[in-house]
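Chemist: Sharing a structure here in structure tokens format.
The values are calculated or read from the model by the stated rules, or taken from the named source; none is laboratory data. These numbers come from a predicted model, not from an experiment. Glycine also receives a Cβ, built like all others from the backbone with ideal geometry; neighbour counts cover every protein chain displayed. The area values use the complete protein model at the heavy-atom level, side chains included, leaving out ligands, DNA and RNA. Shrake-Rupley method; radii C 1.70, N 1.55, O 1.52, S 1.80 Å.
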Amino acid sequence: MRVVKAWPVIVGTAFACALTSCSEPEPKVSAATVTTSVPNGATQVGPSDPLVVTAHRGVLTSVTVTTDGGIAVPGELTDGGRRWSSTAPLEFSKTYRVQALAQDAERIPAPPTNSTFTTATPVEEVTVDRTRPSDGDEVGIAMPVSIYFSRPVTDRAAVERRLSVEPSVPTEGSFHWMSDEQVNWRPKDYWKPGTTVRVRARLYGVDTGGGVMGTADHETNFRIGRDQRAVGDVNTHTLTVFQDGQEIKQLPASYGRSIYPTQYGVHVAFEKHTSTRMRSDTWGGPQKGEPGYYDEVLPYAVRISNNGEFVHVNGATVWAQGESNVSHGCVNLSPANGKWFFDWVQIGDPVEIVGSDRPLTPADGDIPDWTIPYEEYVRGSALHEAR
């Protein structure tokens, strides 16, 4: 019998790799991704909001944002390291470069994120010129908020989205655009006494239309005073005043004669003058040289509309006060009663005139808000259709 000698089998590395595919293991791909609130390559970006860098399915390990000249933009990490937000306002007319790194739960790094964007250059600038009430004021229960802009606003919706009225007591209300340069906000019903109100206009970086951009934010705070109201009845020739829901005084008064009736509706006291010059030709009344023309200085005058109506002292009509209407539309009181009312009334108190045959309209007054039914008032908001 032949014996065949068995040689040992040596499996070489090359042979083993051929059998087992001995390539390097595929590197693991990170589950983390990074996004920025401003797309890469964006131009004419309005700097109204912070830049936000967000890690998804992971955390940020590094965020660097620089502007022209390599100046770093400060920011902070929140949400357990998943979100970075700039903490200083972005500037106009700047190029920003973003570099961000992230890793997933297994600490596998995601590919670096690099992006660049450029902020807008304003065609013109717009700011809040003033507000009413002013910061620190205490006003009556009928005073609306008025925001006046330094130039006309074209994109009312863009601006209104950046406005807020924040009462300390829950209060239903709405914005209403009075013109392109003024927007008001009033509560559905009168304010509750003691309410504090914060008004903010965060206009910086907002395109208000046609490249006209807000260049500053604005904030005011005011307080609602005691509940005071006055009701003037042109037929009984009285002005009755109420405080905290209780009648406290009834004053004999004289209202506008039939040709110049005091207009009915809710007026708002918005100016007080210890004396003021009154001329009939300033509100469309008799002109100089015409019958009924007047030009005189009268004391203790409270303006209740912009069409010439005041509650004021007029010693020359005391004989008619409580008996008949002889004025050109103002509410005439005696020296003693007029001084008392002047001292008592607050800016922002409602003065409601009843019994007249001519209404107060939005065209007549500086504060016509209460002449507009609330449902119609709400429709004057630029965001009404979006609600």
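Chemist: For the stretch 177-214, what are the residues that are part of a loop (DSSP other than H, G, I, E, B) and crowded, with 16+ Cβ neighbours inside 10 Å? Before the answer, list the steps.
Modeler: Let us first name the residues in the stretch 177-214 that are part of a loop (DSSP other than H, G, I, E, B), namely 180-181, 188-195, 202-206, 208-211.
Across the stretch 177-214, the qualifying residues are Y190, W191, T195, R202, L203, Y204, G205, V206, T208, G209.
Chemist: For the stretch 155-176, enumerate the residues that are part of a loop (DSSP other than H, G, I, E, B) and either touching a Ser or Thr at 6+ places or on another chain (Cβ under 6 Å) or within 15 Å of R200 (Cβ to Cβ) (or both). Break it down into steps so the answer makes sense when it comes.
Modeler: Taking the stretch 155-176 and keeping what is part of a loop (DSSP other than H, G, I, E, B), we get 155, 161-162, 168-172.
Answer for the stretch 155-176, where residues must be part of a loop (DSSP other than H, G, I, E, B) and either touching a Ser or Thr at 6+ places or on another chain (Cβ under 6 Å) or within 15 Å of R200 (Cβ to Cβ) (or both): D155, R161, R162, S168, V169.
Conditions (1) within 28 Å of E247 (Cβ to Cβ); (2) surrounded by fewer than 17 Cβ atoms within 10 Å (Cβ to Cβ), marked per residue:
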| site | (1), (2) |
| --- | --- |
| V345 | yes, no |
| V351 | yes, no |
| G355 | yes, yes |
| T361 | no, yes |
| V378 | no, no |
| S381 | no, no |
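Chemist: Next question. Any idea which residue in the stretch 44-76 is most open to solvent (accessible area, probe 1.4 Å), counting only those that are of a type in the set (D, E) and over 17 Å from V206 (Cα atoms)?
Modeler: Taking the stretch 44-76 and keeping what is of a type in the set (D, E), we get 49, 68, 76.
Then drop every residue that is not over 17 Å from V206 (Cα atoms), which leaves 68, 76.
Details: D68: 65, E76: 100 Å².
The selected residue is E76.
Chemist: Considering (1) under 19 Å from P261 (Cβ atoms); (2) modelled with pLDDT of 95 or more; (3) touching a Gly at 6+ places or on another chain (Cβ under 6 Å); (4) acidic (D, E), say which one E352 fails and leave the rest.
Modeler: It fails just one condition, (3).
Chemist: May I pose another question? So E219 fits all but one of (1) open to solvent by less than 60 Å² (accessible area, probe 1.4 Å); (2) at negative phi; (3) outside the structural domain of T262 (by the TED database); what number is the exception?
Modeler: (1)
Chemist: In the stretch 243-340, which strands (runs of 3 or more DSSP E) lie fully inside it and hold 1 or more residues that are over 20 Å from R358 (Cβ atoms)?
Modeler: Numbers: elements: 246-252, 265-268, 271-279, 295-303, 310-313, 331-333.
It comes to 246-252, 271-279, 295-303, 310-313, 331-333.
Chemist: Turning to a different aspect of this structure: In the stretch 77-90, how many are within 21 Å of G205 (Cα to Cα) and open to solvent by 90 Å² or more (accessible area, probe 1.4 Å)? First the steps, then the outcome.
Modeler: Quick first cut of the stretch 77-90, residues within 21 Å of G205 (Cα to Cα) only: 84-90.
Subsequent filtering for residues that are open to solvent by 90 Å² or more (accessible area, probe 1.4 Å) retains 89.
The number of residues fulfilling the criteria is 1.
Chemist: Could I ask something else about it? Counting just the residues of the stretch 331-343 that are open to solvent by less than 10 Å² (accessible area, probe 1.4 Å) and of a type in the set (A, V, I, L, M), which one comes out farthest from K249 (Cα to Cα)? So that I can check it myself, show each step before the final result.
Modeler: To start, the set of residues in the stretch 331-343 that are open to solvent by less than 10 Å² (accessible area, probe 1.4 Å) comprises 331-333, 338, 341.
Now drop any that are not of a type in the set (A, V, I, L, M), which leaves 331, 333.
Values: V331: 16, L333: 13 Å.
Once the filter is applied, the top-ranked residue is V331.
Chemist: Could you tell me which of the residues V145, V159, V153, V165 is surrounded by 18 or more Cβ atoms within 10 Å (Cβ to Cβ) and in contact (Cβ under 8 Å) with a residue 60 or more places away in the chain?
Modeler: Values: V145 fails: in contact (Cβ under 8 Å) with a residue 60 or more places away in the chain; V153 fails: in contact (Cβ under 8 Å) with a residue 60 or more places away in the chain; V165 fails: in contact (Cβ under 8 Å) with a residue 60 or more places away in the chain.
Just a single option satisfies the conditions, and that option is V159.
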